[in-house]
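Trainee: Sharing a structure, written as structure tokens. Questions coming.
The values are calculated or read from the model by the stated rules, or taken from the named source; none is laboratory data. Here the structure is a predicted model, which means the values were calculated and not measured. Cβ coordinates were reconstructed from backbone atoms using ideal geometry, including for glycine residues, and neighbour counts include every protein chain displayed.
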Amino acid sequence: MNIALLWFRRDLRLTDNPALNRALQSAECVVPLFIQSPEEEMGWAMGSASRWWLHHSLNALDASLRKLGSRLVIRQGESASVLRQIVRETGAKQIFWNRLYEPAAIERDKAIKQSLRDDGLLVESFNSALLKEPWEVKRGKGEPYKVFTPYWKALQSQSLEYSILPAPTKVPPVPLETNSLDLDSLGLLPTIAWDGGMNAFWQPGEEGALSRLDEFIDASIGEYATDRDRPDHAGTSCLAPHLHFGEIGPQQIVLEIRNRLELSSKQTGSDSYIRELGWREFAHHLLFHFPYTIESPMDTRFQHFPWNEPDVNKLKAWQQGKTGIPLVDAGMRELWHTGWMHNRVRMVVASFLVKNLRIHWLEGARWFWDTLVDADLANNTLGWQWVAGCGADAAPYFRIFNPVLQGERFDPEGDYVRQWVPELSKMPARFIHQPWLAPAAILQSSGVSLGKNYPLPIVDLKTSREQALEAFKQLGARGC
DNA sequence: TTTTGAGTTGTTCGA
DNA sequence: GTCGAACAACTCAAA
């Protein structure tokens, strides 16, 4: 019998899965496989929020496979040796997977592909994760882009005629003797139950991804261009973690939006949403061509930037949402509670860390990496370097967010702050973004005692801004 | 090779 | 309260 291995990684779906499609076409029997490999294999070890997500997503994938007559085989160990082991056990002659783009993953997968081919196996990989792969969009001389707008124009000028591969209606059964580890034995779930907020908020897996998209197109995409900036509204897609784990692909999203919104009034919103998918593409493009950016600034002038000596107390206050700046604290607590943070607030908290506290962007990147359910090396790297001003197409040095103004503009009633910072829930809107200016009587009637049940700001916004401007300005006069 | 135009998301200050 | 300018100069991309 002709047997194929389907190596699932971050393509945890059955619809529009090119590797799965290929396996079903070319083999009579398919073994769907997930390998939990040692952390070193991927460079950055997966954070706890992502592990939580992965557990539930694998569970959902296994359930879907079982409905079609198959099941997910789970193994643990170094990827190369596990694959070899399964090849020996099953006698498989073919292996298929969908590609990843992190530097460490590329290196690993290349080596595995080569060595399996040397053994005479048929090995093929596919694109399931991007509109265009990082090398498909290039400038005249084949060089990569470093500025978003021309990159996005170039990508869009290429053919974007997608055809979606339907989910199979049947998958042949896995041989009985092929055993699998119990999902629980991977230890992906937290040992202390901190995941209540996550369970309430998310439905990992393909079904959850599709219903999230459906709801987003239905309810929010029309107003996306403006509502996406409002943390007090549910105006964003919340698709990032689903995209990260490949429970849905960007091509599916674009096609679904196009099909549903033809000739509708929601054009502006959907264009602006698809442009955000463009940023995701751009992040992967940059990571592929400039892999060192995962820990080094793209702009070499920043190698000698005077970051403050790590102040453990201030970093902790930021992480725990106890900076005394309401919008920052609300964002950091939302992150801790749900594994997610609204995009605009991400920029605000990042700017606060990097510019007001002047703590190295990598500290922020690592925290996000560990706490976000949508932690993604490409997006995380781009985002942090953008805010720090040291990346491709980065924010100009003088762009320093004022968390009070941002709060008043994008959370005008203070609802978002009230939701995540209950100590301030009785503060009137007028002072909720800067309680330190509230008269004593108002503080008292709101039950707020600054420095006691809600902190005073750990840094003065005005002077720290001026100091940051000064420090960043030093970089202006060319290479250090 | 040279030139030209453009470049996600902001804030403050002074008129 | 609103509005435009200043905050820098540089690099990127394409003609």
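Trainee: From the set of residues in region A:1-29 that are over 25 Å from A:L210 (Cα atoms) and among the hydrophobic types (A, V, I, L, M, F, W, C), which is nearest to the chain's Cα centre (by Cα)?
Mentor: Within region A:1-29, the match that is nearest to the chain's Cα centre (by Cα) is A:L5.
Trainee: Given A:E470, A:E423, A:E413, which one is farther than 30 Å from A:K146 by Cα and in a helix (DSSP H, G or I)?
Mentor: Details: A:E470 fails: farther than 30 Å from A:K146 by Cα; A:E413 fails: in a helix (DSSP H, G or I).
Testing whether each residue is farther than 30 Å from A:K146 by Cα and in a helix (DSSP H, G or I) leaves just A:E423.
Yes or no, residue by residue, for (1) farther than 18 Å from A:S57 by Cβ; (2) within 16 Å of DNA strand C (Cβ to nearest atom); (3) in contact with a Pro (Cβ under 9 Å, 6 or more places away or on another chain); (4) not assigned by TED's automatic domain parsing to the domain that holds A:S26:
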| position | (1), (2), (3), (4) |
| --- | --- |
| A:A154 | yes, yes, no, yes |
| A:S157 | yes, yes, no, yes |
| A:E177 | yes, no, no, yes |
| A:P190 | no, no, no, yes |
| A:A193 | yes, no, no, yes |
| A:R212 | no, no, no, yes |
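Trainee: Find the residue count for region A:454-479, including only residues that are surrounded by 11 or more Cβ atoms within 10 Å (Cβ to Cβ) and more than 33 Å from the chain's Cα centre (by Cα).
Mentor: Here the count works out to 0.
Trainee: Now a separate question. Among the residues of region A:131-175, count how many are within 16 Å of DNA strand B (Cβ to nearest atom) and either in contact with a Gly (Cβ under 7 Å, 6 or more places away or on another chain) or among the hydrophobic types (A, V, I, L, M, F, W, C) (or both). I'd like the intermediate steps shown before the answer.
Mentor: Taking region A:131-175 as the starting set, the residues that turn out to be within 16 Å of DNA strand B (Cβ to nearest atom) are A:131, A:137, A:139-157.
Among the residues that remain, those that are also either in contact with a Gly (Cβ under 7 Å, 6 or more places away or on another chain) or among the hydrophobic types (A, V, I, L, M, F, W, C) (or both) are: A:131, A:137, A:147-148, A:152, A:154-155.
Total satisfying the criteria: 7.
Trainee: Shifting gears a bit: With the structure loaded, tell me whether A:K110 is under 21 Å from A:N379 (Cα atoms), at pLDDT 95 or above, outside any strand (DSSP E or B) and of a type in the set (K, R) or whether it fails that test.
Mentor: no
Trainee: Can you list residue pairs whose Cβ atoms sit under 7 Å apart, with the first residue in region A:289-308 being farther than 21 Å from A:A378 by Cβ and the second being assigned to a loop (DSSP other than H, G, I, E, B) and aliphatic (A, V, I, L, M)? Count only pairs 6 or more apart in sequence or on different chains.
Mentor: Every condition considered, the pairs that remain are A:W307/A:I359; A:N308/A:L357; A:N308/A:I359.
Trainee: Mind checking whether some residue in region A:263-285 is crowded, with 20+ Cβ neighbours inside 10 Å, within 14 Å of DNA strand B (Cβ to nearest atom), in contact (Cβ under 8 Å) with a residue 12 or more places away in the chain and among the charged types (D, E, K, R)?
Mentor: Yes, because at least one residue in region A:263-285 is crowded, with 20+ Cβ neighbours inside 10 Å, within 14 Å of DNA strand B (Cβ to nearest atom), in contact (Cβ under 8 Å) with a residue 12 or more places away in the chain and among the charged types (D, E, K, R).
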